[in-house]
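Okay, here's the structure, questions in a sec.
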Ligand code: AMP
């Protein structure tokens, strides 16, 4: 099973992927890939950071090449694409790369949230610099302030979770990513889900929808 998680920044893509990882799906987050490159100060990291810290998208060619390389190296895994694709160009590149490798995209889960909730969630979000675990100052602080419960790494505010960057990311989402909803409706893949639900409820709703979809498609055989 391969699927895309689509939604505004702060819609809960990363949190629901933490649940999916328990099902042996490979979590492919372009944001996480870029953050690892930034931490290691690689050439790609420096390039990506010049876009990310302002809330802009890393150019399509760079992002598409990263995903293509991963798929070509491991075509037989089950992937959750988190934060990719983010533009029509990326969606077309993903389709071509998957078609070339004989891999099928099963669904696109579209998490729906309003802008106020995005701003509230992102401005209170904290992440572990080492393992990426997600916390928030409203109701999920690490046991020791600033220290990750899972790995002991430093818990920080992401540079792009500052208010100006959040607003820019919402603009970028509206202009460049939202058109993907129509694109995937036409492909018959979209599954709309209420992203304001808490993670466990959200995961259950998504799993129920995915299972219904699976049984529908097998009854059509
Ligand atoms: P995320 O963790 O998914 O919110 O991504 C953080 C930032 O990384 C985004 O605001 C973009 O600047 C960059 N980024 C992540 N995924 C992509 C992508 N598919 N295309 C271009 N830029 C991306």
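With the chain treated as a Gaussian network of Cα nodes joined by springs under 10 Å, which of 144, 127, 193 yields the largest mean-square fluctuation?
144
Further question on the same structure: Report the full-extension gain for the segment residue 214 to residue 106: residue separation times 0.36 nm, less the Cα-Cα distance, to one decimal in nm.
Working: separation 108, 0.36 × 108 = 38.88 nm, distance 0.89 nm.
Length gained between residue 214 and residue 106: 38.0 nm.
How tilted is helix 163-172 with respect to the longest principal axis of the chain? Cα atoms for both, answer in degrees (0 to 90, nearest 10).
Tilt of helix 163-172: around 20 degrees.
Okay, next question. So how far, in whole Å, is the C-alpha centre of segment 160-175 from the one of segment 103-154?
16 Å
Expressed as a whole percent, how much of the Cα-Cα distance distribution for segment 1-125 exceeds 23 Å?
Working: 2499 of 7750 pairs.
Considering segment 1-125, 32 percent of its Cα-Cα pairs are separated by more than 23 Å.
Test of understanding: express the Cα radius of gyration of segment 116-212 as a ratio to 2.2 N^0.38 Å, with N the residue count. Present the calculation step by step, with values, prior to reporting the outcome.
On the way: Rg = 16.3 Å, N = 97, 2.2 N^0.38 = 12.5 Å.
After normalising by residue count via 2.2 N^0.38 Å, the value is 1.31.
Here's a follow-up. Stokes-Einstein diffusion coefficient for the chain at 4 °C in a medium of 1.567 mPa s, Rh from the Kirkwood formula over Cα pairs: what value in µm²/s?
On the way: Rh = 18.1 Å.
The diffusion coefficient I find is 72 µm²/s.
Nearest 0.05, what FRET efficiency do residue 74 and residue 164 give at R0 = 45 Å with Cβ-Cβ as r?
Numbers: r = 38 Å, r/R0 = 0.83.
According to the calculation, E is roughly 0.75.
Of 143, 13, 96, which is the most mobile in a GNM of the chain whose springs link Cα atoms less than 10 angstrom apart?
Ranking 143, 13, 96 by mean-square fluctuation puts 143 first.
Compute the long axis of helix 60-73 from its Cα atoms, compare it with the longest principal axis of the Cα atoms of the chain, and write down the angle in degrees, 0 to 90, nearest 10.
Between the helix axis and the principal axis of the chain, the angle is about 60 degrees.
Quick note: the coordinates plus some simple rules give every number you see, no bench work behind them. Because the structure is a prediction, the values reported are computed rather than measured. All Cβ positions, even for glycine, are placed from backbone atoms using ideal geometry, and neighbour counts span all protein chains on display.
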